[in-house]
1. Please tell me if Ile109 is in a strand (DSSP E or B), within 12 Å of the ligand (Cβ to nearest atom), in contact with a Leu (Cβ under 7 Å, 6 or more places away or on another chain) and modelled with pLDDT of 95 or more.
2. Is it the case that some residue within segment 79-98 is surrounded by fewer than 16 Cβ atoms within 10 Å (Cβ to Cβ), at pLDDT 95 or above and charged (D, E, K, R)?
3. Which residues, counting only those in segment 155-183, are basic (Lys, Arg) and either closer than 16 Å to Gly29 by Cβ or in a helix (DSSP H, G or I) (or both)?
4. List every residue pair whose Cβ atoms sit under 8 Å apart, with the two residues 6 or more apart in sequence or on different chains, where the first one lies in segment 126-146 and is under 15 Å from Ala111 (Cα atoms) and the second, anywhere, is among the aromatic types (Phe, Trp, Tyr) and within 13 Å of the ligand (Cβ to nearest atom).
5. Only one residue in Ile14, Ile43 is over 11 Å from the mean Cα position of the chain (by Cα) and within 13 Å of the ligand (Cβ to nearest atom), so which one is that?
6. Mind checking whether some residue in segment 127-143 is of a type outside the set (A, V, I, L, M, F, W, C), within 26 Å of Ile28 (Cα to Cα) and either more than 14 Å from the chain's Cα centre (by Cα) or within 12 Å of the ligand (Cβ to nearest atom) (or both)?
7. If you take the residues of segment 20-34 that are surrounded by 19 or more Cβ atoms within 10 Å (Cβ to Cβ) and β-branched (Val, Ile, Thr), which of them is farthest from the ligand (Cβ to nearest atom)?
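The values are calculated or read from the model by the stated rules, or taken from the named source; none is laboratory data. Because the structure is predicted, anything quoted here is derived from the model rather than measured. Don't worry about glycine lacking a Cβ; one is built from the backbone with ideal geometry, like all the others, and counts go over all protein chains shown.
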Amino acid sequence: MDAAEKPPENIVLIGFMGCGKSTVGREIGARLGYRLVDMDREIEHRAGRGIPAIFEHDGAEVFRDMESRLLESFVADGLQRHIVSTGGGVVGRAANRALLRRLGYVVWIDAPFETILERTSRNRNRPLLRTGDPEARIRELMSEREPLYDEVAHLRIDGDGLSSAEIATGIIECARYFFADRS
Ligand code: S3P
């Protein structure tokens with residue numbers, strides 16, 4: 001990749017709900033001394049209410065607009081040395097996908113369906129899975145989104161069978177290589 005095309009030194013974590021973005025993000029942030037921004041938490045903070053309430057009262061599109069505006073502000077503010085943990089649906093908009101690539105080194109943490117199902121069933125904070133058949137919904141969303149994660153990611157990490165610490169180590173090493181190689 002041409003040096004001129006390199007994004008600023010941020011690591012952007014993408015992937016499906018429950019793939020471990022927040023946990024791995026905390027781990028990488030602590031090790032590198034980079035600040036972690038969790039987009040879902042930041043949106044909740046700015047909106048003054050939780051994500052389920054935003055979906056319920058304002059609707060999904062308003063939430064998506066908030067996500068897009070937040071990403072735009074990260075790029076416009078010239079964010080550096082941050083870990084950005086995104087919401088699983090951030091790749092849905094083409095404009096967001098372009099912003100993610102401009103924001104930093106984009107890493108897709110991939111996890112198998114069974115892991116996602118098990119982790120997401122532990123809490124009810126995800127409005128998209130509040131349906132009669134969350135399993136079918138997960139399958140549908142995963143197949144819709146996988147090509148989008150793949151399109152936008154500089155790196156795909158298969159997290160199956162790995163601890164958060166091991167995934168973090170892999171990402172840190174690959175990011176080091178990515179940012180050091182200025183050829
Ligand atoms: C969503 C994922 C959630 C959150 C919202 C919508 C999605 O984030 O942004 O509930 O569309 O997949 P996590 O991926 O952190 O659960």
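1. yes
2. yes
3. Arg176
4. Close Cβ pairs satisfying both conditions: Ile138/Phe16; Leu141/Phe16; Met142/Phe16; Arg145/Phe16.
5. Criteria check complete, one pass: Ile43.
6. No, there is no match, as no residue in segment 127-143 is of a type outside the set (A, V, I, L, M, F, W, C), within 26 Å of Ile28 (Cα to Cα) and either more than 14 Å from the chain's Cα centre (by Cα) or within 12 Å of the ligand (Cβ to nearest atom) (or both).
7. Ile28
Conditions tested, residue by residue: (1) surrounded by 13 or more Cβ atoms within 10 Å (Cβ to Cβ); (2) in contact with an Asp or Glu (Cβ under 6 Å, 6 or more places away or on another chain); (3) over 24 Å from Ile83 (Cβ atoms); (4) not β-branched (Val, Ile, Thr).
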| position | (1), (2), (3), (4) |
| --- | --- |
| Leu100 | yes, no, no, yes |
| Pro112 | yes, yes, no, yes |
| Glu118 | no, no, yes, yes |
| Gly132 | no, no, yes, yes |
| Cys174 | yes, no, no, yes |
